[in-house]
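Trainee: To start, I am sharing the structure in question, which I have written as structure tokens.
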Amino acid sequence: MRSRDIKEKTVRVTLTAMAGSSLLALAGIVIFLFMEGLPLFSEYSFFNFLFGNLWYPTEEPGLFGIFPLLVASLAVTVLSSMLAVPMGVLTAVYLTEIAHPTVRRIIKPFVELLAALPSVVLGFLGMVVLAPFLQDYLDAASGLNLLNASLVLALMSVPTICSVSEDALFGVPRDLREASLALGATRWQTTVRVVIPAALSGIGTAVMLGMSRAIGETMVVLMVAGGAGIIPTSLLDPIRPMPASIAAEMAEAAFRSEHYHALFAIGIVLFFLTLAFNLAAGYIAEKHRQVGTSSL
Amino acid sequence: MTIGKLFATALTVLSLSAPAMAAQQVVINGSTTVLPVVQKAGESFMASHPDMELSISGGGSGNGIKALIEKQCDIAMSSRDIKDKEVEAAKKNGVTPNRVTIAIDAIVPVVNPANPVAALTTAQLRDIYNGKVTNWKEVGGHDGKIVVISRDTSSGTFECWQELIMKEERVNPAALMQASNGAVVQAVSKNKNAIGYVGLGYLDKSTKGLKVNDVTANPQTALSKQWPIARELFVFTNGTPAGAAKAFVEYLLDPGKGQKDVLEVGYVPLGK
């Protein structure tokens, strides 16, 4: 009896410790981020940081305006989501509603394979294949621009959105579909007016996951977004989203200098943006939650 | 495994690693521009001096000098000269920075091979980079918007360009900032209207190096200071180098050993 109890207790303690260690790591990262980022604001105003237009960190005194970087991040996220969400959700609809089970079994792994591609490979393809294409056919001054980054990021977000949406759509109980069809609705009407609204919480989560992936993705934007610190006025303008700035400049920024703190401050802004997206996802999931035979 | 066996294993491993711990250690830190040279030379140095161990890391010139000031490293690599503020901080900490030049780096403006422009002046380069000149036809090329490609602001290459060409004027924010020499080469080779700048060792068939003020970039013009965009690469030590550090610095300066590595990595060895 005793050894069984000890075993039970050990398992419980181990699992708690593992969950606790992840939380501890998260807390550690957040604390470190704030510790290294906040010292910037003792000498530089927060308003100038967030809304300043010029990023010249190596001047004396340095200029740390990240407004173009912030707008670039938001622009690339919105554009890539506009491309990825319809594609992802409609692919999920196809896989759940229309595809034959055998077809579904073949196509689903391939869509998920797209998620397994390393981001640096996709960035390289964007730089070497997509950029010259945009230059030649769309007359872009440079193929490394907002459109290029959005296309590649959309390609990266589609598998995430498709996977989670598909699970959500699959979880909609059969009775709902059958009831709708019994009332005389066509399959398309059922899908659009019954199934998708029922799965909205899961689809909302999927969209938010896809968007947070796009905003935080570093390697792709470092390689294909162009790197110009300006506010984009056209789809073909080169831009510099926030993660690209951090990645490009962190290695050579003098340790614990203002530049170093500024880069961490950008990290703090990114952290808050991702947090906002996650909270929004949670809110949407709760609001449209369907409590019934199965809920996501 | 019993406690006894564990202890015996640990003791064996420890004793095996004893020779490594007894070796003389030289800690080297600093510029990522100088890093390839020091790494290459370091490998052959450690092969020929098995009793010496080099610990090499890159973190930027600023970082390396800071480590030297705080006595965290023996040799600091730097692609720029030490600043006055840093000299003061060093004195306060009881460190006397000693500078040794180990190589010359030349930075070459490059354009796409399809671009007819083959030569520019430093004034034209400055106007292109600060945004005053925006079309290739203003400097003798086809009609086309100039796509300006630069490096991120913490790069040593950028600092050199800033100092010698921009003369403290700002690079236009619309310039495309790339994260490495390789990325600049990629971007320029794929865009007919692009202009960028790379280190001498990165010139290849995919880009065309420009003549500046009628001087072509090659090791000779870099050494003779005819080439206007050249800089020295340094290593700093605390006082004149001594012991294992001295051996390594001498190895770096040796024309048959370290300086050959300088040439292979793509920089310009010091002339005799």
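Trainee: Please work out if A:V129 is of a type outside the set (G, A, S), within 20 Å of the chain's Cα centre (by Cα) and at pLDDT below 95.
Mentor: Numbers: of a type outside the set (G, A, S): yes; within 20 Å of the chain's Cα centre (by Cα): no; at pLDDT below 95: yes.
Considered against the rule, which asks whether it is of a type outside the set (G, A, S), within 20 Å of the chain's Cα centre (by Cα) and at pLDDT below 95, A:V129 comes out as no.
Trainee: Among (1) more than 20 Å from the chain's Cα centre (by Cα); (2) over 25 Å from A:F272 (Cβ atoms); (3) within 14 Å of another protein chain (Cβ to nearest Cβ); (4) not small (G, A, S), there is one condition A:V192 misses while meeting the rest; what is its number?
Mentor: Status for A:V192: all satisfied but (3).
Trainee: Under 30 Å from A:A168 (Cα atoms), buried (at least 21 other Cβ atoms within 10 Å of the Cβ) and touching a Pro at 6+ places or on another chain (Cβ under 9 Å): which single residue out of A:S73, A:S81 fits that description? Can you show your working first?
Mentor: Details: A:S81 fails: touching a Pro at 6+ places or on another chain (Cβ under 9 Å).
Answer to the selection: A:S73.
Trainee: Before we move on, is A:V13 of a type in the set (V, I, T) and loosely packed, with under 12 Cβ neighbours inside 10 Å?
Mentor: Numbers: of a type in the set (V, I, T): yes; loosely packed, with under 12 Cβ neighbours inside 10 Å: yes.
It is true that A:V13 is of a type in the set (V, I, T) and loosely packed, with under 12 Cβ neighbours inside 10 Å.
Trainee: Now, a different point. Please work out which one of (1) free of Cβ contacts under 8 Å to residues at least 24 places away in the same chain; (2) crowded, with 23+ Cβ neighbours inside 10 Å is the condition B:A175 fails and give its number.
Mentor: (1) is the only condition that B:A175 fails.
Trainee: Consider A:A247 against the criteria (1) more than 10 Å from chain B (Cβ to nearest Cβ); (2) of a type in the set (A, V, I, L, M, F, W, C); (3) not in a loop (DSSP other than H, G, I, E, B): it satisfies all of them except one. Which criterion is unmet?
Mentor: Failed condition: (1).
Trainee: Which of the numbered conditions does B:T32 fail, given that it passes all the others? Conditions: (1) part of a loop (DSSP other than H, G, I, E, B); (2) surrounded by 23 or more Cβ atoms within 10 Å (Cβ to Cβ).
Mentor: The single condition B:T32 does not satisfy is (2).
Trainee: How many residues are within 9 Å of chain A (Cβ to nearest Cβ) and either part of a strand (DSSP E or B) or without any contact (Cβ under 8 Å) to a residue 12 or more places away in the chain (or both) if we restrict to region B:142-152?
Mentor: 6
Trainee: On to the next question. Is one or more of the residues making up region A:41-58 over 30 Å from A:L153 (Cβ atoms) and in a helix (DSSP H, G or I)? Talk me through it step by step, then tell me what you get.
Mentor: Step one: list which residues in region A:41-58 are over 30 Å from A:L153 (Cβ atoms), which gives A:41-45.
From what is left, the residues that are in a helix (DSSP H, G or I) are A:41-42.
Yes.
Trainee: Given A:M211, A:M219, which one is in contact with a Ser or Thr (Cβ under 6 Å, 6 or more places away or on another chain), within 14 Å of chain B (Cβ to nearest Cβ) and touching a residue at least 12 places away in the same chain (Cβ under 8 Å)?
Mentor: On the way: A:M211 fails: within 14 Å of chain B (Cβ to nearest Cβ).
A:M219 is the lone residue from the list that is in contact with a Ser or Thr (Cβ under 6 Å, 6 or more places away or on another chain), within 14 Å of chain B (Cβ to nearest Cβ) and touching a residue at least 12 places away in the same chain (Cβ under 8 Å).
Trainee: Would you be able to tell me the number of residues in region B:124-163 that are among the charged types (D, E, K, R) and touching a helix residue (DSSP H, G or I) at 6+ places or on another chain (Cβ under 7 Å)?
Mentor: So the count comes out to 4.
Trainee: Please find, within region B:153-165, the residue that is farthest from the other protein chains (Cβ to nearest Cβ) out of those that are part of a helix (DSSP H, G or I) and surrounded by 20 or more Cβ atoms within 10 Å (Cβ to Cβ).
Mentor: The first filter runs over region B:153-165 and keeps only residues part of a helix (DSSP H, G or I), leaving B:156-165.
Restricting the remaining residues to those that are surrounded by 20 or more Cβ atoms within 10 Å (Cβ to Cβ) gives B:156-158, B:160-162, B:165.
Details: B:G156: 7, B:T157: 10, B:F158: 8, B:C160: 12, B:W161: 12, B:Q162: 8, B:I165: 15 Å.
Among them, the one singled out is B:I165.
Yes/no matrix, rows are residues, columns are (1) within 23 Å of A:I246 (Cα to Cα); (2) at pLDDT 90 or above; (3) more than 7 Å from chain A (Cβ to nearest Cβ); (4) surrounded by fewer than 24 Cβ atoms within 10 Å (Cβ to Cβ):
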| position | (1), (2), (3), (4) |
| --- | --- |
| B:T134 | no, yes, yes, yes |
| B:K167 | no, no, yes, yes |
| B:R170 | yes, no, no, yes |
| B:A179 | yes, no, no, yes |
| B:Q186 | yes, no, no, yes |
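The values are calculated or read from the model by the stated rules, or taken from the named source; none is laboratory data. No experiment lies behind these values; they were computed from the predicted model shown. Positions of Cβ are backbone-derived with ideal geometry, glycine not excepted, and every protein chain shown enters the neighbour counts.
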